[in-house]
Amino acid sequence: MERVIVVGGGLAGLRTAEALRAQGYAGGLTMVGAEPHVPYDRPPLSKAVLRGETGDTTVAADFDALGCATLLGRRATSLGEDLETTEGPLAFDGLVIATGATPIRLPGDGPQHVLRTIDDARALRSAL
C-alpha cells in the first residue's frame, strides 16, 4: 500500500496511525478529522473541563515524527473509489474508519446541551 487514510481525528485515529507505524507501515499516512482540533482525551470533558480545572485535554502527538499528515476541519462525506470530503476527494490504497458517534438530541424546540467535544464542554462550562 502506498497511501493509507485514517478517517477520524480523535484518539482512535491517532492510536491507529501510531500502530500502523509501529507495525512497520512506511507509506503515506493521512488523518482526516471533522473537528478543527488535534486529538484530545474525552473523559476529562465531563470532569476537569466542566469544573474549570483545565481547558485543554490535548493528547501529546508528534505528527511530523509519525510522518502523518493531518487534515483537520475536513468532514468525510462519502466513500467510493476515493474518499469524498468537504474539501474534495482523496485517493487511497487503504482506509481505516475510526470515527466517533454523534449525540442524539431529544425531539422538540427547546435548548439542549450535549457533551461530546471540547467545544461542547467549554460552551456548557460557560452556560453553567
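The values are calculated or read from the model by the stated rules, or taken from the named source; none is laboratory data. Nothing here was measured: the structure is a model prediction, and the numbers come from that model. Glycine also receives a Cβ, built like all others from the backbone with ideal geometry; neighbour counts cover every protein chain displayed. In case anyone asks, the SASA skips ligands and DNA or RNA and just uses the protein heavy atoms, side chains included. Shrake-Rupley method; radii C 1.70, N 1.55, O 1.52, S 1.80 Å.
A few comments on the model shown:
- With respect to (1) part of a strand (DSSP E or B); (2) over 30 Å from Arg125 (Cβ atoms); (3) open to solvent by less than 50 Å² (accessible area, probe 1.4 Å), the lone exception for Val32 is condition (2).
- For the range 98-122, a residue qualifies if it is free of Cβ contacts under 8 Å to residues at least 24 places away in the same chain, open to solvent by less than 60 Å² (accessible area, probe 1.4 Å) and of a type in the set (A, V, I, L, M), and exactly one does: Val114.
- Any hit, the range 99-119, residues being assigned to a strand (DSSP E or B), under 19 Å from Val4 (Cβ atoms) and of a type in the set (S, T, N, Q): no
- Qualifying residue in the range 86-97 (condition: touching a helix residue (DSSP H, G or I) at 6+ places or on another chain (Cβ under 6 Å) and either surrounded by 13 or more Cβ atoms within 10 Å (Cβ to Cβ) or not in a loop (DSSP other than H, G, I, E, B) (or both)): yes
- Any hit, the range 11-27, residues being part of a strand (DSSP E or B) and either polar (S, T, N, Q) or surrounded by 15 or more Cβ atoms within 10 Å (Cβ to Cβ) (or both): no
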